[in-house]
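Values quoted throughout were computed directly from the atomic coordinates according to the rules given, and no laboratory measurement underlies them. This structure is a prediction, so every number in the text was calculated from the model and none was measured. All Cβ positions, glycine included, derive from the backbone under ideal geometry; neighbour counts span all protein chains shown.
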Amino acid sequence: MKLEQLARYDIKLLVALQVLLEEENVSRAAERLFVTQSAMSKMLARLKETFGEELFIRTSHGIQPTDRALALKTPLADALDTLSTLLTPPIFKPAQCERTFRISMLDNIANRVIPGLLHTLSKQAPLVKIQLKPWSRHSFDELASGQLDLAMNVVEVDRANFYQLKLGDIQVCAVVRQGHPLAGKTTVLLDDFLKYSFMKVIIPEFNENHQKDQQILAALGKERKIVFETSNANCALQSLVNTDYIMLGAKGPANKMYDQMGLTTIPVPKELSAPKYTMKFIWHQRQNLPADHVWFRKLFMSELAKSQQA
């Protein structure tokens, strides 16, 4: 039978037939299906119409299945069991999960979160694999196609069918070594700021083409000297330790990491002040409901919280 023909049939009738075969009584069958006896009788009539013959004979004790109905009993039960299995969501068990999660996050945050995440996975879900991918201008498309499962970034989400979970606001600041001449100052003048060379961390779709600070400085007849550009934030941070370079960065939970690296933050001059940005989890609609994705996001959030407390 073609699928188009099968679509004309009502699955409720097959369920009713199974219950009638088990009960051999219209009243008891109606009670099990939470319908009236009249509705159950109508189903009997529709079953006759569907199969082209009587399936039950009424007796003084109820109904008696015909030979045709008895022949249907076993294949019908098997078919309904298969359908029930098909419609029942599988129970997700982390220990049995054998999939690869592809995630994107800034590398300096990954350095704090990934070691703990892998340790937890080795205990709870040893078959799970992690691929860490850099954020690029194609990452939204990769999330939509399933090539990327989860991202943690500050980029704006302005596309349909994407979810985002706010993790916290981040204030733009300047990062320097702890012994830097500007360290400890509560206010930094623009001319003092521009005496030093800068390193720039490029985040695709966020600041790769962001020239606002250069435009502001140009309007003031000033400029800043950028001596190093990279998409590797950790490399830039490590390079600050032994220089007087300055890097624009984020003031937030990462400050503990700065302290551990021998770095500190200073305010940017008022002329270059910027609004707060939001760090967020980003995922596509296709990854929103599957049990493995829900579990992984919760686990990731837990490890992120632990890394900020360390």
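Placing +1 on the Cβ of every Lys and Arg and -1 on the Cβ of every Asp and Glu, with nothing else charged, gives the range 1-153 a dipole about its Cα centre of roughly 460 debye.
The region of the chain that goes longest without hitting one of the chymotrypsin sites (Phe, Trp or Tyr not before Pro) in a DSSP loop, each with at most 13 other Cβ atoms within 10 Å, is 93-310. Ordering Pro90, Leu20, Phe281 by Cα displacement along the dipole of the chain toward the positive end leaves Phe281 in first place; charges were set at the Cβ atoms of Lys, Arg (+1) and Asp, Glu (-1).
Please get the size of the charge dipole for the chain, origin at its Cα centre, with Cβ charges of +1 on Lys and Arg and -1 on Asp and Glu, quoted in debye to the nearest 20. Please report the intermediate quantities before stating the final value.
Details: 38 positive and 32 negative charges, 129 e Å.
Using Cβ point charges on Lys, Arg, Asp and Glu, the chain gives about 620 debye.
Among the trypsin sites (Lys or Arg not before Pro) within the range 95-155, which fall in a DSSP loop and have no more than 11 other Cβ atoms within 10 Å of their own Cβ? Hits after loop and neighbour filter: Arg137.
Put in line by how crowded their Cβ is, counting other Cβ atoms within 10 Å and starting with the fewest, Arg46, Arg177 read Arg46, Arg177. Of the residues Tyr258, Ile103, Leu44, the one whose Cα sits farthest towards the positive end of the charge dipole of the chain is Tyr258 (charges of +1 on Lys and Arg Cβ, -1 on Asp and Glu Cβ, taken about the Cα centre). Given +1 at the Cβ of Lys and Arg, -1 at the Cβ of Asp and Glu and no other charges, the dipole of the range 3-87 around its Cα centre is 240 debye to the nearest 20. Packing order of peptides 181-189, 65-73, highest average first: 65-73, 181-189 (average count of other Cβ atoms within 10 Å over each peptide's residues). The residue among Val157, Gly116, Leu55 whose Cα reaches farthest toward the positive pole of the charge dipole of the chain, with charges on the beta-carbon of Lys, Arg, Asp and Glu, is Gly116. The value of relative contact order for the chain, using C-alpha pairs under 8 Å at least six residues apart, is 21 percent.
Straight-line cross-link partners of Lys306 among the lysines, defined as a Cα under 16 Å from its Cα and at least 8 positions apart when in the same chain: Lys256, Lys298. Between the exposed loop cleavage positions of the chain, defined as GluC sites (Glu not before Pro) in a non-H, G, I, E, B DSSP state with at most 13 neighbouring beta-carbon atoms within 10 angstrom, the longest gap is 224-310. Which pairs, out of Lys123/Lys276; Lys185/Lys222; Lys222/Lys251; Lys195/Lys276; Lys93/Lys276, put more than 31 Å between their alpha-carbon atoms? Too far apart for the 31 Å limit: Lys123/Lys276; Lys93/Lys276. Against the chain, whose longest principal axis is taken from its Cα atoms, helix 67-87 shows a tilt of about 10°.
When the helices of the chain are scored as -39500 (n - 2.57) per DSSP H run of n ≥ 4 and the total is divided over every residue, the value at 222 nm lands at -13000 deg cm²/dmol. A straight Cα-to-Cα reach below 14 Å connects Lys73 with the aspartates and glutamates Glu22, Glu23, Glu24, Asp81, residues fewer than 8 places away in its own chain not being considered. Computed from phi, the 3J(HN,Hα) profile of the range 16-21 under the Karplus parametrisation 6.51, -1.76, 1.60 (θ = phi - 60°) reads 4, 4, 4, 5, 5, 5 Hz, with x in place of Gly and Pro.
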